[in-house]
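Notes follow the structure.
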Amino acid sequence: MSLFLCPICAAPLEQTERCYRCPAGHSYDLAREGYVHLLPANRKHAKEPGDDKAMVAARNRFLEGGWYDHLKESLCELAQAYAGESVAFLDAGCGEGYYTAAVVDTLERAGRLAAAAGVDLSKAALRRAARRARSAEFAVASVYHMPVGDGAAGVLLDCFAPLALEEYRRVLRPGGVFLYVVPAPEHLMEMKNVLYDAPYENPDQSVEYAGFHYLDVVPVRRRVVLEREALLDLFGMTPYAWKTPREGVERLKALEALEVTAAFRIHVFRRL
């Protein structure tokens, strides 16, 4: 069962060994790694949209180090708790599929997974995602225009992706659950203190979004000691890599190690 629709005519797509095809004859080749490109040219606003190879590689190394495993484990627990007997899981902005693969594996082992898919703009990220979670399907697509049918998903994950609320309301079935991960106020403050002269905490908000009912806000927190290589990978995978003054970057590079707080809020909503 494919969760994907044709981005041209919105008809259901059927996956074959080498491509996806709709009844109207539109066809989309599968990449060697196993993902498909479903982003129409008129919605592609850059030659290579999404995170570049360097950022993807840094994030992959960091996550494989297990530094955010407390977040991964919490997401798996929540997905299993709210999945019901059989659920379609959709990861919006799935990146390298680190969390996607963990949730898919958890739901599969519990016998609760009907289908799974992830979308992201970055081909570099999806190459890794498709290798990491073989039983899920992955597509180059925007979270604001996902090639997925109305009410197709029972559990939707947004982990640091843009908040595309209108699209999330559309693709989640009534009663479906939305897991929304945001940084806690103190997240990475120790690193920010090194990078910036006047760092500030992340906002801590609980917003009732139209079409959703709040079920819970789950705090996830851990302090970790990162040596230089992991610390620079963490820096390279964040938006700080784009906007930090050179002086701050040099201060970070001079460190042998740094203890940082990895803290998150998982906002849990039910689709009305």
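Which of the helices (runs of 4 or more DSSP H) found entirely inside segment 39-154 contain at least 2 residues meeting this: within 23 Å of residue 220 (Cβ to Cβ) and among the aromatic types (Phe, Trp, Tyr)? Break it down stepwise before answering.
Working: elements: 53-64, 69-82, 98-109, 123-132.
Filter on segment 39-154 gives 98-109.
Residues are listed down the side, and each one gets a yes or a no for (1) touching a strand residue (DSSP E or B) at 6+ places or on another chain (Cβ under 8 Å); (2) buried (at least 20 other Cβ atoms within 10 Å of the Cβ):
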site	(1), (2)
13	yes, yes
30	yes, no
57	no, no
69	no, no
72	no, no
86	yes, no
90	yes, yes
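Looking at 168, 180, 196, just one residue is more than 14 Å from the chain's Cα centre (by Cα) and of a type in the set (Phe, Trp, Tyr), and that residue is 196. What residue, among those in segment 155-170 that are part of a helix (DSSP H, G or I) and in contact with an Asp or Glu (Cβ under 9 Å, 6 or more places away or on another chain), is surrounded by the most Cβ atoms within 10 Å (Cβ to Cβ)? Within segment 155-170, the match that is surrounded by the most Cβ atoms within 10 Å (Cβ to Cβ) is 168. Yes or no: residue 212 touching a Cys at 6+ places or on another chain (Cβ under 8 Å) and modelled with pLDDT of 95 or more? When the stated conditions are applied, residue 212 does not pass them. For segment 193-233, filtering for residues that are among the aliphatic types (A, V, I, L, M) and in a loop (DSSP other than H, G, I, E, B) leaves 3.
Scanning segment 109-131 turns up one or more residues that are over 30 Å from residue 260 (Cα atoms), at pLDDT 95 or above, surrounded by fewer than 17 Cβ atoms within 10 Å (Cβ to Cβ) and among the basic types (Lys, Arg).
For residue 176, indicate whether it is surrounded by 18 or more Cβ atoms within 10 Å (Cβ to Cβ) and not in a strand (DSSP E or B). Talk me through it step by step, then tell me what you get.
Values: surrounded by 18 or more Cβ atoms within 10 Å (Cβ to Cβ): yes; not in a strand (DSSP E or B): no.
For residue 176, the condition - surrounded by 18 or more Cβ atoms within 10 Å (Cβ to Cβ) and not in a strand (DSSP E or B) - is not met.
In this structure, is residue 229 of a type outside the set (Gly, Ala, Ser) and surrounded by fewer than 16 Cβ atoms within 10 Å (Cβ to Cβ)? Yes: the conditions hold for residue 229. Out of segment 257-272, which residues are buried (at least 16 other Cβ atoms within 10 Å of the Cβ) and closer than 19 Å to residue 185 by Cα? Residues satisfying the conditions are 258, 260, 261, 262, 263, 264, 265, 266, 267, 268. Being under 17 Å from the mean Cα position of the chain (by Cα), among the aromatic types (Phe, Trp, Tyr), surrounded by fewer than 19 Cβ atoms within 10 Å (Cβ to Cβ) and modelled with pLDDT of 95 or more is a property that residue 144 has. Here residue 151 passes the criteria (1) surrounded by fewer than 20 Cβ atoms within 10 Å (Cβ to Cβ); (2) in contact with a helix residue (DSSP H, G or I) (Cβ under 9 Å, 6 or more places away or on another chain); (3) closer than 18 Å to residue 30 by Cβ except the one numbered (3). One residue stands out in segment 179-202 among those that are surrounded by fewer than 22 Cβ atoms within 10 Å (Cβ to Cβ) and of a type in the set (Ser, Thr, Tyr): the one that is nearest to residue 74 (Cα to Cα), namely 200. Among the residues of segment 232-256, those identified as exposed (fewer than 13 other Cβ atoms within 10 Å of the Cβ) and under 21 Å from residue 60 (Cβ atoms) are 239, 242, 253. If the condition is being touching an Asp or Glu at 6+ places or on another chain (Cβ under 8 Å) and among the polar types (S, T, N, Q), then segment 1-36 contributes 2, 15.
The values are calculated or read from the model by the stated rules, or taken from the named source; none is laboratory data. Predicted model only: the values in this text are computed from it and were never measured. Quick reminder, even Gly has a Cβ in these numbers, built from the backbone with ideal geometry, and neighbours come from all protein chains shown.
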